[in-house]
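J.: My structure is below; once you've seen it, I'll send some questions.
The values are calculated or read from the model by the stated rules, or taken from the named source; none is laboratory data. Computed from a predicted structure; not experimentally measured. Using ideal geometry, Cβ is built from the backbone for each residue, glycine included, and neighbour counts are taken over all protein chains shown.
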Amino acid sequence: MTLPNFLIIGAAKAATSSIFNYLTQHPDVYGPAIKEPAFFAFENEIVDFKGPGDERLNNTVVTDFDKYQSLFDDVKEEKVIGEASVVYLYDEQAAYRIRHYVPDVKIIVIIRNPVDRAFSSYGHLKRDGREMLMTLGEALKQEEIRKKNNWQHLWHYAEMGFYYDSLKRYYEQFPAENIAVYTYDEFKSSPIDVLKKMFKFLEIDETFLPEMSRKYNVTGVPRSKILHSFLHKPSGVKEIFKKIIPGDIRKSIRNKITDKNIMARKTEIEQSTRELLQNMYREDILKTQ
């Protein structure tokens with residue numbers, strides 16, 4: 001039976017998609033086609049989130065252990081086997097389930113300024129045509145209602161930025177030497193250096209240089225909203241494609257078209273909302289440092 005010996009557990013909107021894709025280029029690293037199976041957050045649960053577009057998460061998370069284990073059936077000679085589910089940092093049960101199944105696992109965490117993380121998460125859902133409110137400030141006022149109505153974690157713009165208790169859970173369950181924490185800013189300024197540190201942490205060849213020209217899951221504005229909607233929302237046509245085109249090929253095609261269709265556009269969080277969030281996070285940031 002093959003299970004992961006490393007996990008990227010978060011945070012959401014902290015370059016985890018890019019980092020996971022760069023790590024899995026290493027010949028000694030294996031990652032499944034499903035980057036975020038989220039098994040340790042949703043084991044044996046009925047996943048039925050109700051937010052706009054949440055059905056995609058409902059359909060892709062893995063809740064059955066045998067199905068989760070099968071994600072790693074194609075491992076060959078790779079020494080390091082992992083996946084990257086950002087909900088693990090946020091979910092209150094994930095750390096305990098991870099310890100139960102893979103107690104010796106190595107854990108990578110990337111944390112981002114929580115104010116910027118919240119705004120990026122808002123921009124992500126805005127990009128995908130799921131967030132209809134015009135400002136992050138408006139969305140924050142709806143956060144508690146959305147949580148009560150069972151919208152998935154990505155909608156929890158403010159709450160996902162409280163890192164202290166989440167990290168504390170992992171340090172209580174795993175030895176400190178098995179946890180590596182990096183910052184988003186550190187990765188943005190010196191990506192090669194951070195990846196070398198990660199390779200060293202995973203005890204594999206540090207001299208390997210991945211191809212890093214592509215950034216994954218970036219926030220931006222679609223050139224064609226119709227095309228973007230087709231790529232990222234369920235449809236009858238896509239169900240037909242699923243039957244005739246393998247999942248990894250579909251994913252590659254979707255990613256390439258998405259890259260061409262997304263325009264990077266610099267937007268700024270409204271100042272009043274930035275100040276609100278800075279005050280909200282101040283104590284948590286001090287405890288986390």
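J.: Has the stretch 178-186 got at least one residue that is modelled with pLDDT of 95 or more and more than 19 Å from the chain's Cα centre (by Cα)?
T.: Checking the stretch 178-186: at least one residue is modelled with pLDDT of 95 or more and more than 19 Å from the chain's Cα centre (by Cα).
J.: Would you pick out the residues in the stretch 139-158 that are acidic (Asp, Glu) and either under 16 Å from Leu125 (Cα atoms) or touching a Ser or Thr at 6+ places or on another chain (Cβ under 9 Å) (or both)? Break it down into steps so the answer makes sense when it comes.
T.: Just the residues of the stretch 139-158 that are acidic (Asp, Glu), to begin with: 143-144.
Glu143, the sole residue that qualifies.
J.: Take the residues in the stretch 182-210 that are of a type in the set (S, T, N, Q) and not in a helix (DSSP H, G or I); name whichever of them is surrounded by the fewest Cβ atoms within 10 Å (Cβ to Cβ). Break it down stepwise before answering.
T.: Of the residues in the stretch 182-210, the ones of a type in the set (S, T, N, Q) are 183, 189-190, 207.
Subset that is not in a helix (DSSP H, G or I): 183, 190, 207.
Working: Thr183: 15, Ser190: 12, Thr207: 6.
For the stretch 182-210, the residue satisfying everything is Thr207.
J.: Right, something else. How many residues are of a type outside the set (S, T, N, Q), over 25 Å from Leu286 (Cβ atoms) and surrounded by 18 or more Cβ atoms within 10 Å (Cβ to Cβ) when one looks only at the stretch 143-181?
T.: 3
J.: For the list (1) surrounded by fewer than 23 Cβ atoms within 10 Å (Cβ to Cβ); (2) over 25 Å from Val194 (Cα atoms), I need the number of the one condition that Tyr122 fails.
T.: (1)
J.: Same structure again: Within the stretch 128-146, track down each residue that is at pLDDT 95 or above and in contact with a helix residue (DSSP H, G or I) (Cβ under 8 Å, 6 or more places away or on another chain).
T.: Glu131, Leu133, Thr135, Leu136, Gly137, Ala139, Leu140, Glu143, Arg146, listed by residue number.
J.: Still on this structure, please answer the following. Within the stretch 147-163, can one find any residue that is modelled with pLDDT of 95 or more, in a helix (DSSP H, G or I) and polar (S, T, N, Q)?
T.: No, that holds for no residue.
J.: Right, another one. With the condition being among the hydroxyl-bearing types (Ser, Thr, Tyr) and within 13 Å of the chain's Cα centre (by Cα), I'd like the helices (runs of 4 or more DSSP H) fully within the stretch 1-107 carrying at least 2 qualifying residues.
T.: Passing ranges, in order: 16-23, 87-90.
J.: Additional query: Which is β-branched (Val, Ile, Thr) and either farther than 29 Å from Tyr96 by Cβ or in contact with a Pro (Cβ under 6 Å, 6 or more places away or on another chain) (or both), of Ile204, Ile192?
T.: Being β-branched (Val, Ile, Thr) and either farther than 29 Å from Tyr96 by Cβ or in contact with a Pro (Cβ under 6 Å, 6 or more places away or on another chain) (or both) holds for just one of Ile204, Ile192, which is Ile192.
J.: Follow-up question, since we're still on this one. Under 7 Å between Cβ atoms, which residue pairs at least 6 apart in sequence (or on different chains) link something in the stretch 45-70 that is farther than 18 Å from Ile98 by Cβ with a partner that is basic (Lys, Arg)?
T.: Filtered contacts from the stretch 45-70: Gly51/Arg146; Pro52/Arg130; Gly53/Arg130; Gly53/Lys233.
J.: Could you say which residue among Lys147, Lys106, Lys126, Lys67 is closer than 25 Å to Tyr22 by Cβ and of a type in the set (Lys, Arg)?
T.: One residue alone meets the criteria, Lys106.
J.: Of the numbered conditions (1) among the polar types (S, T, N, Q); (2) in a helix (DSSP H, G or I); (3) farther than 25 Å from Asp54 by Cβ, Ser120 satisfies every one except a single condition; which is it?
T.: (3) is the only condition that Ser120 fails.
J.: What number goes with the only condition from (1) within 30 Å of His26 (Cα to Cα); (2) modelled with pLDDT of 65 or more; (3) touching a helix residue (DSSP H, G or I) at 6+ places or on another chain (Cβ under 6 Å); (4) part of a helix (DSSP H, G or I) that Lys215 does not pass?
T.: (4)
Per-residue answers, yes or no, for (1) modelled with pLDDT of 95 or more; (2) β-branched (Val, Ile, Thr):
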| site | (1), (2) |
| --- | --- |
| Val29 | yes, yes |
| Ile34 | no, yes |
| Gly51 | yes, no |
| Thr60 | no, yes |
| Tyr68 | yes, no |
| Tyr88 | yes, no |
| Lys106 | yes, no |
